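Everything below concerns the one structure shown next.
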Amino acid sequence: MPKAFSPLTRLLHWLNAVCVLGLTTSGWAIYNAAPFYPFEFPKEITLGGYLTPALRWHFLFMWGLMFGATLQIFLRVFLARGGPALSPIHSKILAEEFVDTLKLRLMHSAGIYVHTQRLLYLTVFALFVLVILSGLALWKPVQLQFIAEGLGGYEAVRRWHFWSMAGLVGFILIHVAMVMIVPSTLLVMLFGAQPEKEKE
Amino acid sequence: MTFVGGTAGVMSFPSLREPALDRVSDFNDKVQDVLFDPTTLAQVYEPSDVTSPFPFNAFYPESYAPRIQGSDWRLSVDGLIEKQHDFSISELRAFPQETQVTRLICIEGWSAVGEWSGVPLSSVLNFVGADLSAKFVEFRCADDYRTSIDMKSAFHPQTILALDFLGRSLPVPYGAPCRLRIPTKLGFKNAKSITEIRVTNVYPGGYWEDQGYNWFAGL
């Protein structure tokens, strides 16, 4: 049986993790320069603290994410590698998994995604598409103005970027909570080990 | 995890961090130069879309904005040009004028739509016989602000030396008597109360650029 994640997939996962963390926390400092909601992010949890260094960090991690995301999509779409299958998704099975979860019966086997995981990861993929597109539209509202037009104009794009970030942060919280419930997954993503099928 | 640890290590040491971030910013300049299409126009809006009141923004409070007697003011254009010239306001107004309703986008994220009129920067640069192969056009201002742009952007059709805002002479806080209005670049490139334009091949930087803002700052 093959390992759940190839070394390249695991490397890309951690590259993406670092980049998303850096982009999110520097993004909070950039938001603080001109907040459009009645709150600011605490300076202490931002990367850079204020606008100038935060922007420099943001662009460093932007290139990291661009590299990682491009390679990841290439692996998945063209080489059919890069992680377990994300389809099919059946609503009936989703409902069964939901009931199981309520009964605290979590099925997990490394290398195979249950339908709930497939739905979650597809949603995350859509959020990544949105956060990257809105980010490009904010960076280049003239040269790439067709993106901003499709998303309702420059000011709307700022909100799209904010809410796709919020969605990704929500995912990360769920993701890390699940790893805490099934800690062996952390070993799988770090070392690629294939543990025995387990039921918790 | 080596990558995570390595990143954390680089982040903690300014002597490693700042050169790395400088290199990323230089790389961003090159990418933006490639992405910049001189024929792509910034979106134009209707006069009814103009933001009111239009926000004031500078590195000092509004009351510190320089008050310049229009009749005394001259715009000196020098550097890599054929004939040095000091322009008066009436000389600038004698050129064919352009009006634009465009969105000014600040590096902080906020934006505002305004209506500016004035003379295309290309007209002035052509008039003095600027060396079009020069890399930079630098702007120096009455408030000691400085900034600089690339030659391609200087010749973009929407890059103007604005003399009017909403059909009237530029008010003091908005950069009287003459400011750069360049809707293909971030707000901080739109220098106010300009006194000197210099064409040069020596990287001029700028007030914010020297503090870490990305130089190209294209939109």
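Just so you know, all these numbers are worked out from the coordinates, no wet-lab data involved. These numbers come from a predicted model, not from an experiment. Cβ: placed from backbone, ideal geometry, glycine included. Neighbour counts: every protein chain shown.
Please determine, in degrees from 0 to 90 and to the nearest 10, the orientation of helix B:2-12 with respect to the longest principal axis defined by the Cα atoms of chain B, where the helix direction is its Cα long axis.
50
Using a 10 Å cut-off around each Cβ, can you sort B:Thr39, B:Thr184, B:Thr102 from fewest to most neighbouring Cβ atoms? Walk me through the intermediate numbers first.
Details: B:Thr39 6, B:Thr184 26, B:Thr102 22.
Starting with the residue having the fewest Cβ neighbours, the order is B:Thr39, B:Thr102, B:Thr184.
Tell me which of B:Gly114, A:Phe61, A:Ala177 sits at the most positive position along the dipole axis of the protein assembly as shown, charges placed on C-beta atoms (Lys, Arg +1; Asp, Glu -1).
After comparing all options, I get A:Ala177.
How big is the dipole moment of the protein assembly as shown about its Cα centre under a simple scheme where the beta carbon of each Lys and Arg is +1, that of each Asp and Glu is -1, and everything else is neutral? Debye, nearest 20, please. Intermediate results must be reported in sequence, preceding the final value.
Details: 34 positive and 36 negative charges, 235 e Å.
Rounded to the nearest 20 debye, it is 1120 debye.
Assuming R0 = 30 Å, what is the FRET efficiency of A:Glu40 and B:Tyr207, from their Cβ-Cβ distance, to the nearest 0.05?
Numbers: r = 25 Å, r/R0 = 0.85.
FRET efficiency, A:Glu40 to B:Tyr207: 0.75.
Positive end of the dipole of the protein assembly as shown, charges at C-beta (+1 Lys, Arg; -1 Asp, Glu), about the Cα centre: which of B:Trp215, A:Ser109, B:Val128 has its Cα farthest in that direction?
So the residue furthest toward the plus end is A:Ser109.
Report the charge-dipole magnitude of chain A in Debye, nearest 20, computed about the Cα centre from +1 at each Lys and Arg Cβ and -1 at each Asp and Glu Cβ.
Dipole magnitude for chain A comes out near 320 debye.
Quick one: net charge of B:Ile68's neighbours, Cβ under 12 Å, K/R +1, D/E -1?
Local charge sum for B:Ile68: +2.
What ranking of B:Thr51, A:Thr70 emerges when the number of other C-beta atoms within 10 Å of each C-beta is taken as an exposure proxy, fewest first?
Ordered from fewest to most neighbouring Cβ atoms within 10 Å, B:Thr51, A:Thr70 come out as A:Thr70, B:Thr51.
If you count, for every residue in B:56-65, the Cβ atoms of partner chains within 10 Å of its Cβ, what is the mean?
Rounded to a whole number, the mean comes out at 0.
Return the average number of partner chain Cβ atoms within 10 angstrom of each residue Cβ along peptide B:103-116.
Mean partner shielding for this stretch: 4.
Could you sort out which of A:Lys140/B:Lys189; B:Lys135/B:Lys189; B:Lys83/B:Lys185 sit more than 22 Å apart by Cα distance in this structure?
Violating the 22 Å Cα-Cα cut-off are B:Lys83/B:Lys185.
Take every residue in peptide A:134-147, count the Cβ atoms of other chains within 10 Å of its Cβ, and give the average of those counts.
What the average comes to for A:134-147 is 4.
Compute the distance from the alpha-carbon center of the stretch A:18-38 to that of the stretch B:111-181, in whole Å.
Centre-to-centre (Cα) distance: 32 Å.
Is there a pair in A:Lys43/B:Lys152; B:Lys152/B:Lys192; A:Lys43/A:Lys103 whose C-alpha atoms are over 30 Å apart, and which pairs would that be?
A:Lys43/B:Lys152; A:Lys43/A:Lys103
Measure nothing but the geometry: give the 0 to 90° angle between the long axis through the Cα atoms of B:14-35 and the longest principal axis through the Cα atoms of chain B, rounded to 10°.
50
Mind checking the dipole of chain B: about its Cα centre, +1 per Lys or Arg Cβ, -1 per Asp or Glu Cβ, Debye to the nearest 20? Can you show the working numbers first?
On the way: 19 positive and 26 negative charges, 13 e Å.
In total the dipole reaches around 60 debye.
Compare A:Gly27, A:Gly83, A:Gly150 in a GNM of chain A, Cα atoms joined below 10 Å, and give the one with the largest fluctuation.
A:Gly150
Can you compute the modelled spin-label distance between A:Phe78 and A:Leu21, with each label point 7 Å from Cα toward Cβ, in nm?
Label at A:Phe78, label at A:Leu21, 3.0 nm between them.
Have a look at A:Ile93, A:Ile73, A:Ile30 and tell me which one the Gaussian network model of chain A (Cα, springs below 10 Å) gives the largest fluctuation.
Its mean-square fluctuation being the largest, the pick is A:Ile93.
Tell me, B:Phe127, A:Phe98 in order of fewest to most beta-carbon neighbours within 10 Å?
Ranking B:Phe127, A:Phe98 by Cβ neighbours within 10 Å, fewest first, gives A:Phe98, B:Phe127.
Order these peptides, A:49-61, B:187-199, by their mean beta-carbon neighbour count within 10 angstrom, highest first.
The most tightly packed comes first, giving B:187-199, A:49-61.
How far is it, in nm, from the label point at B:Asp131 to the one at A:Leu102 when both lie 7 Å from their Cα along the line to the Cβ?
Taking the simple label geometry, B:Asp131 and A:Leu102 are separated by 7.7 nm.
In the stretch A:7-199, if the dipole is taken from +1 on Lys/Arg beta carbons and -1 on Asp/Glu beta carbons about the Cα centre, which of A:Ala34, A:Gly49, A:His13 is farthest to the positive end?
Value computed over the given set: A:His13.
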